[in-house]
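First comes the structure, then the notes that go with it.
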Amino acid sequence: MDDLRDKYIQAIADASDEDAIEALRVQAVGKKGEISLKMRELGKMTPEERQVVGPALNALKDEINSALAAKKVALADAALEERLRTEWLDVTLPGRSRREGSIHPVSQVWEECTAIFADMGFAVAEGPQVETDWYNFDALNIPGHHPARAEMDTFYMARAEGDNRPPHVLRTHTSPVQIRSMEMAGAPLRIICPGRVYRADYDQTHTPMFHQVEGLAIDKDISMANLKWVLEEFFSAYFGTEVKTRFRASHFPFTEPSAEVDIQCSFEGGTVKVGEGDDWLEVLGSGMVHPKVLAAGNIDPAAWQGFAFGMGIDRIAMLKYGIPDLRPFFDSDLRWLRHYGFASLDVPTIRGGLSR
Ligand code: PHE
């Protein structure tokens, strides 16, 4: 019995993890363990023998059980010690700060436009950037031979060889969304469409991709007066100050009459200030929707009429936030974005409470 005792006490002392402890428990005091088997032999002994061996075996079993339990606790303590030693953390170290991103001026102005026109009851519509030549031109009363097609410096998509259908285009303006919206929703209608447009042009104020917001209002008795009110209301809310507008007679195939709209500004000291001075800056094209355009959108021109306008988002972003050059808008230069971008939780407000 002393041999048994020495064997297990030593093995328990040497065990290095819980699995080993469990294996020893099974081997010694489990149902078929060495000591349990010995206990079964008690039945074959004489009462005298049993009186000596029984208590001794019981004592040995108790001793081994407590050695197992003590070793288990010791192992758990050691494991915890090891974790505390390796997983320490110096909470007094200064934090590692992360640079925040910023909202691009175009996104900012896009949101501002959406908010202001929403206040006047305009919903937001969208259309594809790769457009059919019907939506971009024909439906807008720009037939195949029309000089406006050449003037727009259109990007044409490629057709497979032998496919003679007119090529798709990168939309040159957001006006095709007028047609798509008329087809989809019918009259009456009041939408704006902010989006990307494309023209092959590149200098300080032109990039091959830029942004427009289209406006369209169709009803029984819409007039140029409504157009003027909506635009002046928009500019005053957007620039946060009363802004005079100047309507110049112009020509677009899809509006009749047509007007280009300038806003009042000053150019003193090399910076543009909107809403003061006696200079003018062109910001959009507009007019009354041409009857042929209404008809192309499945709206009866004898019953309905409306106004439309198309405004440069980048242009009015440059004006409001004093950005002199358009090209860096799309360079993804982090220094520019940090300088002109907006913090996501600290955006400038538009003038609230429209004067209606
Ligand atoms: N689509 C015109 C342009 O891109 C702008 C415009 C829109 C003019 C709607 C009149 C009416 O220049």
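The values are calculated or read from the model by the stated rules, or taken from the named source; none is laboratory data. Keep in mind that this is a model prediction, so the values were computed, not measured. Positions of Cβ are backbone-derived with ideal geometry, glycine not excepted, and every protein chain shown enters the neighbour counts.
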Any chance the range 244-265 includes a residue that's within 37 Å of the chain's Cα centre (by Cα), more than 16 Å from the ligand (Cβ to nearest atom), touching a residue at least 40 places away in the same chain (Cβ under 8 Å) and farther than 25 Å from residue 136 by Cα? yes
Taking the range 178-192 and keeping residues within 15 Å of the ligand (Cβ to nearest atom) and over 30 Å from residue 324 (Cβ atoms) leaves 178, 179, 180, 181, 182, 189, 190, 191
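With the requirement that a residue be without any contact (Cβ under 8 Å) to a residue 60 or more places away in the chain and either more than 24 Å from residue 183 (Cβ to Cβ) or exposed (fewer than 15 other Cβ atoms within 10 Å of the Cβ) (or both), what does the range 112-134 give you?
Within the range 112-134, the first condition is being without any contact (Cβ under 8 Å) to a residue 60 or more places away in the chain, and the residues that meet it are 118, 128, 130-134.
118, 128, 130, 134 - these are the residues of the range 112-134 that are without any contact (Cβ under 8 Å) to a residue 60 or more places away in the chain and either more than 24 Å from residue 183 (Cβ to Cβ) or exposed (fewer than 15 other Cβ atoms within 10 Å of the Cβ) (or both).
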In the range 208-216, is there at least one residue being more than 14 Å from the ligand (Cβ to nearest atom), surrounded by fewer than 21 Cβ atoms within 10 Å (Cβ to Cβ), at negative phi and not hydrophobic (A, V, I, L, M, F, W, C)?
yes
Can residue 195 be described as within 13 Å of the ligand (Cβ to nearest atom), of a type in the set (Gly, Ala, Ser) and either at pLDDT 95 or above or farther than 14 Å from residue 310 by Cβ (or both)? yes
Going through the range 266-303 in order, the residues found to be of a type in the set (Asp, Glu) and either within 15 Å of residue 239 (Cβ to Cβ) or away from the ligand (no atom under 16 Å from the Cβ) (or both) are 268, 276, 278, 279, 300
Scanning the range 138-168 for residues that are surrounded by 17 or more Cβ atoms within 10 Å (Cβ to Cβ), within 13 Å of the ligand (Cβ to nearest atom) and under 32 Å from the mean Cα position of the chain (by Cα) gives 152, 154
